Amino acid sequence: QVRLVESGGGLVQPGGSLRLSCAASGSIFGISTMGWYRQAPGKERELDAIITANGLTDYADSVKGRFTISRDNAFRMEFLQMSSLKPEDTAVYYCNGHLKQFGSTGWSDYWGQGTLVTVSS
């Protein structure tokens with residue numbers, strides 16, 4: 001069984017910073033692309049940042065220059081360093097991993113349970 005578990009959410013003032021972490025565990029053969037998504041109340045889930053297995057990254061325009069995605073392949077973790085946070089960044093943030101389990105025939109997307117980030121004074 002595969003699990004992705006996020007941590008690091010919380011309350012932060014506008015202009016502040018937070019670092020989210022995501023740990024993948026279970027019977028994992030390999031992880032290709034990993035990403036961070038957000039879902040604000042009443043809105044669709046949307047992509048903030050992705051990172052490939054060899055470290056190539058891409059960001060939504062709304063977070064470019066403020067958020068940095070990274071990963072540690074040895075420990076099967078990914079991170080999202082968020083700075084210059086704005087109230088509109090308030091959302092539940094989800095970790096995503098495109099991975100293959102031992103014994104499976106293909107690659108699938110897995111999601112964490114989400115961690116709430118609230119940006120407010």
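The values are calculated or read from the model by the stated rules, or taken from the named source; none is laboratory data. Predicted model only: the values in this text are computed from it and were never measured. Cβ coordinates were reconstructed from backbone atoms using ideal geometry, including for glycine residues, and neighbour counts include every protein chain displayed. Just the protein is used for accessible areas: all its heavy atoms, side chains included, with ligands, DNA and RNA removed. Shrake-Rupley method; radii C 1.70, N 1.55, O 1.52, S 1.80 Å.
Can you say whether residue 85 is at pLDDT 95 or above, hydrophobic (A, V, I, L, M, F, W, C) and under 17 Å from residue 8 (Cα atoms), as far as the supplied structure shows?
yes
Taking the condition of being in a loop (DSSP other than H, G, I, E, B), more than 14 Å from residue 63 (Cβ to Cβ) and touching a residue at least 40 places away in the same chain (Cβ under 8 Å), how many residues in the stretch 86-121 meet it?
Within the stretch 86-121, residues that are in a loop (DSSP other than H, G, I, E, B), more than 14 Å from residue 63 (Cβ to Cβ) and touching a residue at least 40 places away in the same chain (Cβ under 8 Å) number 9.
Taking the stretch 22-64 only, how many residues are among the aromatic types (Phe, Trp, Tyr), open to solvent by 30 Å² or more (accessible area, probe 1.4 Å) and either more than 21 Å from residue 104 (Cα to Cα) or in contact with a Ser or Thr (Cβ under 7 Å, 6 or more places away or on another chain) (or both)?
The number of residues fulfilling the criteria is 2.
Residues checked against (1) within 13 Å of residue 18 (Cα to Cα); (2) within 11 Å of the chain's Cα centre (by Cα):
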residue	(1), (2)
34	no, yes
41	no, no
59	no, no
70	no, yes
77	no, yes
80	yes, yes
86	yes, no
89	yes, no
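For the stretch 21-48, give me each residue that is in a loop (DSSP other than H, G, I, E, B) and either in contact (Cβ under 8 Å) with a residue 60 or more places away in the chain or not acidic (Asp, Glu) (or both).
Answer for the stretch 21-48, where residues must be in a loop (DSSP other than H, G, I, E, B) and either in contact (Cβ under 8 Å) with a residue 60 or more places away in the chain or not acidic (Asp, Glu) (or both): 26, 27, 40, 41, 42, 43, 45.
Quick one: which residue in 71, 19, 3 is crowded, with 16+ Cβ neighbours inside 10 Å and of a type in the set (D, E, K, R)?
Of 71, 19, 3, the one residue that is crowded, with 16+ Cβ neighbours inside 10 Å and of a type in the set (D, E, K, R) is 71.
Among residues belonging to the stretch 6-16 that are assigned to a loop (DSSP other than H, G, I, E, B) and not polar (S, T, N, Q), point out the one that is least open to solvent (accessible area, probe 1.4 Å).
Filtering the stretch 6-16 for residues that are assigned to a loop (DSSP other than H, G, I, E, B) and not polar (S, T, N, Q), the one least open to solvent (accessible area, probe 1.4 Å) comes out as 16.
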